[in-house]
Structures are given as structure tokens and as C-alpha cells.
């Protein structure tokens, strides 16, 4: 499988969980990759953990976090 195909598969899994209402609750990085923990608040469910092996997928998760924090910061500054 090509590097892009691996990244695209991981990105689709991340985006699917986000689309289902999951949020990122933890990231643990080691030599095997990044373990990203997702949890869903409504309806409450068990945590889901993804092992991300590609650097691009890890960057995608980081971009999601940064963009989410930016949106929260903008909303809070106007209230």
C-alpha cells in the first residue's frame, strides 16, 4: 500500500469518528506511532483508540485540535 493510501485510510477513520460525535480526549506517542483516544458524550459510549502509524495522520489530528481550540477561543473572546 502506498504512503498516501495508508494516510488516507487513517484520515477517513479519524474523520468518521469525529463525524459520529466523538471528540479527542488523549494522545500518547511512542515508537510504534500515536495512540489517539476518542470518546462520545451523547450517547455515552466506550472510548475508542486508534493507532496512527503515518506522520500525516498525526498532523491531521493536530490540525483538528488546533482548529477546534481556535474556534473556541474566538467564541469566548466575543462573549
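With respect to (1) in contact with a helix residue (DSSP H, G or I) (Cβ under 8 Å, 6 or more places away or on another chain); (2) within 18 Å of residue 3 (Cα to Cα); (3) surrounded by fewer than 15 Cβ atoms within 10 Å (Cβ to Cβ), the lone exception for residue 59 is condition (1). Conditions: (1) over 10 Å from the mean Cα position of the chain (by Cα); (2) modelled with pLDDT of 90 or more; (3) outside any helix (DSSP H, G or I). Residue 50 meets all but one. Number of the miss? So the condition that residue 50 fails would be (1). Can you tell me which residues in segment 21-47 are within 12 Å of the chain's Cα centre (by Cα) and touching a residue at least 12 places away in the same chain (Cβ under 8 Å)? Hits for segment 21-47 are 21, 22, 23, 24, 25, 27, 34, 35, 36, 37, 38, 39.
Total residues in segment 18-35 satisfying the condition of being closer than 17 Å to residue 56 by Cβ and in a helix (DSSP H, G or I): the figure is 1. Filtering segment 32-49 down to residues that are closer than 10 Å to residue 17 by Cβ and in contact with a helix residue (DSSP H, G or I) (Cβ under 7 Å, 6 or more places away or on another chain), which residue is surrounded by the most Cβ atoms within 10 Å (Cβ to Cβ)? Ranking the candidates gives 36 first.
The values are calculated or read from the model by the stated rules, or taken from the named source; none is laboratory data. This one's a predicted model, so the numbers in the text were calculated from it and none came from an experiment. Methodologically, a virtual Cβ is constructed for each residue, glycine included, from the backbone with ideal geometry; neighbour enumeration extends over all protein chains shown.
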